[in-house]
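Chemist: First the structure, then my questions, so here it is.
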Amino acid sequence: MATTTPAAPDSAEDPAGAGEPRHGLRIFLLWVVPAIAADLLLWFVYGPHMPPGGMSSSAASQQFDFKVMAVLATPVVLFVLIFSGYAFVTWRARKDDDSEHDGAPIRGHVRVQVAWITISSVLVLGLAGFGTYELIAPNGAGSGEGPSPVWNPTGARLTVAQMTAPWRPGHELVVQVIAQQWLFTFRYPQFGGVETPKLELPVDTPIQFDVTSLDVIHSFWAYQLGVKADANPQVDNVAYTTTRQTGTVNVRCAELCGLWHGAMYTDGKVVPAAAFEAWARSTQAQLASVTKTLPRFALIYTPNEIKGLNKLYYQAGLPGAGGGYYPAQYYPYEP
Amino acid sequence: MSLLARAVTLLVAFLAVTAGIVFVVVHILLAKPPTVDFTAGHVAGRPVDMTVMTDPVNDVSDHPDWVSYFVRSPQTGKWVHSTIWQLPAHTRINVTAYEFDTCDPLRNQVMGQVTGTIGGVMSVSGETIGVNGKAISLVNSDTTCGVAHTFTVPSLGINVPFAGVPYAVPLSKVCSLGPCAMSFLHTTTTFSFVTPGPGEYRWQCFIPCGLATVDGNGHAMSTIGFMTGYLDVVS
């Protein structure tokens, strides 16, 4: 095993450096081949199988981000491992080496400083620009954008009247996600406001999710669609995606919301547009009597403010159940 | 204080804290209602009859003012304060539910429909929503305030809303001692469903009936043994 001093080989002050092998070149050659091989494997072999898959535009966008991140990070990890291994194998302190002081400080090396700042700036600004573009421009992030979305696939936020107009294949489908302890239901305003406990979507269709809650904070996470949006009471949180593949979607709550949070999940499906339309029409007809009992479609609901309920509680001398926000002494009386 | 006194004080304090921790763990964290077994003596292919009641109060727990389910033991015929029911797999379960509580509107009216039962219906009698004895598939709790509690198993798609006792009746006729006597005003709901394969299936009530808690889902709604539990389906 070779034993050498830790001094830099090109140091003019270290005559021993003259006989040193070119460690930098060796490390580079040891690193570059596995780094390129690993990146190619990651991009072309494992990449297409990375989560969350490509079932929707936002899922594919997130998968692309993961691929880019993996391709950038893997060479760094490999470099650290290879450099550490090389150093461990190559460099040793001599028994008679009693120099424990630092080397000569580097000062005033303008080229190094300029190169450092330039490369850092290009990397940071480039990644920031790339990330921002990827987040907004092509597919959306798949996350909730609040009630006034900055980005949407059609260029304009739909009005409630547009959201309740009959759906036509190929056009944007509006799905209202209603969370409550401990269940998700899905309302389709373009199909008469029918509400079901199952999520069904047409393929190759832009989807607008309007996510809200009837009680506490939940989070709608449609894993294979790459959509995750908080469900807040009294808030319409809008998220967009475009379905690209048929298949099963797992929906879970991603916000700790009480006793049965862990059991707050359901399944959904992305199906051909014709199958979706047939399902939606039959469900609309089948649940017509239930739909009549639902409140008119709105972006948010206030189930705790049922007219007359407070009066009933007051007359009965009961505290406010039924989802009341306040204990009895604060419960507002409705004359 | 002498050394001995200090040592004894320290020991007593240590034992008191330890006892407190043990009490919390055993009495609260590990507390679990008994499993009511409907599989003992069950003959394959035969239906199982199960009787439950929902009460506005209970006098068998540390929380007498919490609403609660009770289930009738098939072995003793007595009411048991439990929401863990062991059922045979792939078996028809005939449920009779006595409901003694007053009504509350559903938070989401979609839970007013009957789903997952055989025929998608339930039969209600002794109640106030005008369908005495008829098989129905929907209750609008907003217009009639007709639902007191539900029996809902989300993973099985089962949802049965129980019609409630109206507020307008004299309080003397409303049950105030649980398990309730049949002499108090109540409704009777019957329905049937078929159990799936073995597994644990959580169920809950979807009326936010946790009185005076934020959003109505605290207390009884969040405690197994009261308004939520699970079906322990075994082969």
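Chemist: Skipping prolines and chain starts, which residues have an amide H placed within reach, meaning under 5 Å, of the one on A:S219, given they are 5 or more residues away or on another chain?
Modeler: Residues meeting the criterion, in which the H sits 1.01 Å from N, are A:A231, A:A254, A:E255.
Chemist: Normalised by the empirical 2.2 N^0.38 Å for globular proteins, what value does the Cα Rg of segment B:70-210 take?
Modeler: 1.03
Chemist: Please quote Rg/Rh for segment A:256-305 to two decimal places, taking the Kirkwood radius as Rh and restricting both calculations to Cα atoms. Mind showing how you got there, number by number?
Modeler: Values: Rg = 15.5 Å, Rh = 14.3 Å.
Rg divided by Rh gives 1.08.
Chemist: Moving to a separate point now. By count of other Cβ within 10 Å, fewest leading, how are A:F191, A:F220 ordered?
Modeler: On the way: A:F191 22, A:F220 27.
Neighbour counts put them in this order, fewest first: A:F191, A:F220.
Chemist: Something else now. How big is the antiparallel share of DSSP beta bridges in the protein assembly as shown, given as a percent to the nearest 5?
Modeler: Close to 70 percent.
Chemist: Okay, next question. In segment A:160-293, what is the volume of the convex hull around the alpha carbon atoms, normalised per residue and reported in Å³?
Modeler: Each residue corresponds to 99 Å³ of Cα convex hull volume.
Chemist: Order these by the 10 Å Cβ neighbour count, fewest first: B:T102, A:T205.
Modeler: A:T205, B:T102
Chemist: With the contact rule set at Cα under 8 Å and sequence spacing of 6 or more, what percent relative contact order holds for segment A:160-293? Don't jump to the answer; show the numbers that get you there.
Modeler: Numbers: 323 pairs, mean separation 33.8, N = 134.
Across segment A:160-293, relative contact order equals 25 percent.
Chemist: Obtain the nm distance between the two label points defined at B:A19 and B:V169 by a simple spin-label model: each point lies 7 Å from its Cα along the Cα-to-C-beta direction.
Modeler: Label-label distance for B:A19 and B:V169, simple model: 4.6 nm.
Chemist: How high is the FRET efficiency between A:I106 and A:L72 when r is their beta carbon distance and R₀ equals 41 Å, given to the nearest 0.05?
Modeler: 0.90
Chemist: Right, here's the next one. Round to the nearest 10 and give me the degree value, 0 to 90, for the angle of helix B:3-23's Cα axis relative to the longest principal axis of chain B.
Modeler: Roughly 10 degrees, rounded to the nearest 10.
Chemist: Next question, about the same structure. Just to be sure I understand: if I project the alpha-carbon convex hull of segment B:26-72 onto a plane and average over all orientations, what area do I get in nm²? Could the numbers behind the result be given before it?
Modeler: Values: hull surface 18.4 nm².
Result: 4.6 nm².
Chemist: Please report B:M182, A:M55 as a ranked list, fewest other C-beta atoms within 10 angstrom at the top and most at the bottom. Each step should come with its number before you reach the end.
Modeler: Values: B:M182 10, A:M55 25.
Arranged by neighbour count, lowest to highest, B:M182, A:M55 become B:M182, A:M55.
Chemist: Please grab the % of Cα pairs in the protein assembly as shown that end up more than 47 Å from each other.
Modeler: Across the protein assembly as shown, Cα pairs with separations above 47 Å total 36 percent.
Chemist: From the square roots a ≥ b ≥ c of the eigenvalues of the alpha-carbon gyration tensor of segment B:54-145, which class results: rounded (a/c under 1.5), prolate (a/b over b/c), or oblate?
Modeler: The shape class here is oblate.
Chemist: Then there is this: What fraction, in whole percent, of alpha-carbon pairs in segment A:116-224 exceed 16 Å separation?
Modeler: 67
Chemist: If you restrict to DSSP beta bridges whose two residues both lie in segment A:127-260, what percentage is antiparallel, to the nearest 5?
Modeler: Antiparallel bridges make up about 70 percent of those DSSP assigns within segment A:127-260.
Chemist: To check you understand DSSP bridge types, tell me what percent of the beta bridges within segment B:34-234 (both residues inside) are antiparallel, rounded to 5.
Modeler: 65
Chemist: A further question follows. What is the Rg over Rh value, at two decimals, for chain B, using alpha-carbon atoms and the Kirkwood definition of Rh?
Modeler: 1.09
Chemist: Continuing with the same structure: For a 28 Å ceiling on Cα separation, which of these pairs sit above it: A:K269/A:K292; A:K228/B:K32; A:K198/A:K228; A:K67/A:K228; A:K198/B:K78? Mind dumping the intermediate values first?
Modeler: Numbers: A:K269/A:K292 26 Å; A:K228/B:K32 35 Å; A:K198/A:K228 17 Å; A:K67/A:K228 20 Å; A:K198/B:K78 39 Å.
Those over the limit are A:K228/B:K32; A:K198/B:K78.
Chemist: Right, next: Compare B:S176, B:S82, B:S68 in a GNM of chain B, Cα atoms joined below 10 Å, and give the one with the largest fluctuation.
Modeler: B:S176
Chemist: While we're here: For B:V234 and B:T76, what is the calculated FRET efficiency with R₀ set at 22 Å and r taken between the beta-carbons, to the nearest 0.05?
Modeler: Numbers: r = 20 Å, r/R0 = 0.93.
For R0 = 22 Å, the calculated efficiency reads 0.60.
Chemist: Checking the a/c ratio against 1.5 first, then a/b against b/c, what shape does the Cα gyration tensor give for segment B:176-235? Show your work: numbers first, answer last.
Modeler: Details: a/c = 2.35, a/b = 1.27, b/c = 1.85.
Verdict is oblate for segment B:176-235.
Here, each number is a calculation from the coordinates, and none is a lab measurement. Since this is a predicted model, take the numbers as computed values, not measurements. Glycine gets a Cβ as well: all are built from the backbone with ideal geometry, and neighbour counts include every protein chain shown.
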